[in-house]
1. Say we look at the stretch 1-50 and pick out the residues that are under 16 Å from A68 (Cβ atoms) and of a type in the set (K, R); which of these is nearest to the ligand (Cβ to nearest atom)?
2. Here are some residues: L125, L152, L133. Which one is surrounded by fewer than 24 Cβ atoms within 10 Å (Cβ to Cβ) and either among the aliphatic types (A, V, I, L, M) or free of Cβ contacts under 8 Å to residues at least 12 places away in the same chain (or both)?
3. Out of E311, E277, E296, which single residue is part of a strand (DSSP E or B) and at pLDDT 95 or above?
4. Scan the stretch 205-212 and give yes if some residue there is under 22 Å from T131 (Cα atoms), assigned by TED's automatic domain parsing to the domain that holds R275 and of a type in the set (V, I, T), otherwise no.
5. Among the residues that make up the stretch 78-88, is at least one of them touching a residue at least 24 places away in the same chain (Cβ under 8 Å) and under 23 Å from M295 (Cα atoms)?
6. Can you pull out the residues in the stretch 165-181 that are out of contact with any Lys or Arg (no Cβ under 9 Å at 6 or more places or on another chain) and over 16 Å from G302 (Cα atoms)?
7. Looking only at the stretch 183-208, count every residue that is surrounded by fewer than 21 Cβ atoms within 10 Å (Cβ to Cβ) and either of a type in the set (F, W, Y) or at pLDDT 95 or above (or both) and tell me the total.
Amino acid sequence: MAGNKTVVLVSRPAGMVSEDIFAVADLDVPTVEDGQILVRNQYASLDPGIRKTLAETNTYWVPTPLGAPLTANVVGEVIESRHPGFQSGDLVVGTGQLQEISAFAPGPMCWKIDPASELPLSASLGILGATGLTAYFGLIEVGQPKVGETVLVSGAAGAVGSAVGQIAKIKGCRVVGIAGGPVKTKRLVEEFGFDAAIDYRGKTREQLEAEIRLHCPNGVDVFFDNVGGIQLDAALANMNWKGRMAICGLISEYNLDGPPAPMQNLFSIVGKTLRVEGFLSFVYADLFPQALREMEQWIKEGRLVWREHVEDGIESAPGVFVMGAFSCSANVLPVSTSW
Ligand SMILES: NC(=O)c1ccc[n+]([C@@H]2O[C@H](COP(=O)([O-])OP(=O)(O)OC[C@H]3O[C@@H](n4cnc5c(N)ncnc54)[C@H](OP(=O)(O)O)[C@@H]3O)[C@@H](O)[C@H]2O)c1
């Protein structure tokens with residue numbers, strides 16, 4: 001027994017990701033190289049972004065070679081350090097591997113967690129981690145919402161989207177979310193404080209356009225997009241003059257085996273002089289400490305809430321990844337595995 005349970009990629013997905021492309025292997029504890037830390041992970045976040053690493057080539061995280069551990073955001077305790085900024089015993093969050101013990105060089109998405117924090121460690125993978133920071137900077141820096149404006153969010157019941165909606169409310173906006181099914185749309189309004197919610201399931205592009213028009217009678221000033229496809233196209237048709245579109249992710253395309261549906265409303269970008277900007281949260285890493293303080297304060301004041309779904313055991317990770325990020329019937333978020 002090598003003693004380090006790890007989820008490895010055994011084959012590349014074609015279309016919808018399924019559990020059988022992953023396997024749990026027992027690997028050696030990695031050797032720590034100069035500039036790296038060795039972390040005993042307690043939680044791993046099964047973000048949809050992992051899907052992008054499963055292809056042979058991509059323009060996001062580095063592709064995972066066959067047989068290699070999956071990349072994942074993890075939180076745990078440093079047990080050995082060859083990096084001057086960290087020492088054994090530090091609690092850290094960072095981009096490591098989906099395994100019990102991983103070695104990685106601390107990058108922009110790695111920082112120490114205050115052991116005195118009253119919030120659960122898993123929050124550092126969600127609302128006070130990559131997803132919360134993505135919501136914060138995508139909305140505030142890219143979307144630049146102003147008091148009284150209308151913000152539309154797709155993937156609104158997910159980890160990022162639910163935080164975007166709440167932050168937009170804190171900033172004094174009217175907020176409308178798009179999510180799949182009645183449970184999630186109800187949750188958007190009753191739990192996350194959205195002003196209105198749209199159920200996209202079973203709807204055509206034209207029906208979505210009409211629903212957005214209904215719920216955003218003054219048009220959309222900021223669209224925060226996690227989904228792409230016909231939701232993005234329907235939003236384009238409803239944007240206001242000089243609107244901003246913060247393109248965070250295109251989850252509706254991650255499992256496609258062919259090209260996405262063609263866009264029909266692209267001329268709105270010209271006709272409404274829109275700003276369409278993709279972003280990656282790590283670009284704002286210098287500003288993370290101040291954003292984390294602000295979000296922690298909102299949590300203490302009860303203005304920012306979050307949900308998480310945690311399952312025990314690294315063996316559960318493949319099933320939880322498929323269920324959480326890509327099953328539109330799963331009512332869970334964000335999905336982590338602890339052990
Ligand atoms: N730019 C960055 O720096 C950055 C950082 C983190 C994440 N992201 C991106 O942000 C997005 C949301 O991530 P997250 O962490 O919030 O994920 P999450 O909590 O897993 O939520 C994702 C949600 O997307 C919806 N979805 C899945 N497949 C869909 C489809 N085919 N069509 C429409 N909706 C679908 C599902 O909700 P419904 O049941 O409501 O459909 C699912 O719950 C992803 O696109 C991710 O890649 C970007």
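1. R12
2. L133
3. Going through E311, E277, E296 in turn, just one is part of a strand (DSSP E or B) and at pLDDT 95 or above: E277.
4. Taking every residue of the stretch 205-212 in turn, none turns out to be under 22 Å from T131 (Cα atoms), assigned by TED's automatic domain parsing to the domain that holds R275 and of a type in the set (V, I, T).
5. No, there is no match, as no residue in the stretch 78-88 is touching a residue at least 24 places away in the same chain (Cβ under 8 Å) and under 23 Å from M295 (Cα atoms).
6. Matches in the stretch 165-181: R174, V176, I178.
7. Matching residues across the stretch 183-208 total 15.
Each row is one residue, and each column tells you yes or no for (1) among the charged types (D, E, K, R); (2) in contact with a Ser or Thr (Cβ under 7 Å, 6 or more places away or on another chain); (3) under 16 Å from M323 (Cβ atoms).
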site	(1), (2), (3)
N4	no, no, no
G15	no, no, no
F22	no, no, yes
P30	no, yes, no
I37	no, yes, no
A44	no, yes, yes
I50	no, yes, yes
N58	no, no, no
P63	no, yes, no
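The values are calculated or read from the model by the stated rules, or taken from the named source; none is laboratory data. A quick note: this is a predicted structure, and the numbers were derived from the prediction, not measured. Reconstructed Cβ throughout: ideal geometry from the backbone, glycine too, with neighbour counts over all protein chains shown.
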